Amino acid sequence: MHRHTLEPDVDTGETADDGPPGTTSPDRLPAGSGTVVTSTFEELAPALPNDVADLRRKLIRWLAALPLDPESTHDITLATYEALANVAAYAYPDKHGWARLQAARVGDAVTVTVTDTGCGIPATRANRPRTAGLRTSGGRGLLLIDKVTDQSDIHTGEQGTTVRMTWRPAALRHAGAA
């Protein structure tokens with residue numbers, strides 16, 4: 001299953017031929033592209049509630065070193081925590097596993113990737129329409145991610161799930177909406 005939301009003109013510094021989502025490295029960028037990875041972050045932790053909360057705190061410290069506005073920092077933190085919480089809650093129902101958190105600032109865009117090697121998102125849950133106002137216990141994390149990102153991609157299957165989320169600075173997001 002693949003789900004993709006895209007806002008036009010959001011450049012994440014990656015192309016479809018670059019390999020799996022979240023694996024762009026400076027040497028994969030086209031020569032002379034002018035795009036420079038200015039900061040990266042990567043951590044691996046057990047997919048347990050306290051450990052993914054610790055990943056969130058580490059991401060907040062990494063974000064604090066970037067020249068981001070408070071709205072962008074909040075949106076990135078919130079969406080990332082939702083993706084990590086999904087790993088802790090659903091990825092490994094019968095065993096222990098790991099959550100990988102990667103982030104990069106490429107040009108003006110920040111991309112965060114959350115990966116697990118768990119059971120994947122069941123098609124019944126992944127393909128369910130995500131609309132506000134549904135009265136369920138949980139199940140709104142993917143909707144929230146869609147709302148606060150400029151672009152989000154979810155790749156899921158029996159080998160795990162990768163959630164890649166991208167943001168542009170708030171000033172650029174609002175200028176594009178006008």
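The values are calculated or read from the model by the stated rules, or taken from the named source; none is laboratory data. Note that this is a predicted model, so its numbers are computed, not measured. Don't worry about glycine lacking a Cβ; one is built from the backbone with ideal geometry, like all the others, and counts go over all protein chains shown. Surface accessibility is based on the protein's heavy atoms, side chains included, excluding ligands, DNA and RNA. Shrake-Rupley method; radii C 1.70, N 1.55, O 1.52, S 1.80 Å.
When you count the other C-beta atoms within 10 angstrom of each residue and take the mean per peptide, 157-163, 92-98, 62-68 line up highest first as 157-163, 62-68, 92-98.
When the surface is traced with a 1.4 Å probe over the full set of protein chains, Arg56 keeps roughly 80 Å² accessible. Size check on the range 50-119: the Cα extents along the three principal axes, sorted descending, read 41, 21, 15 Å.
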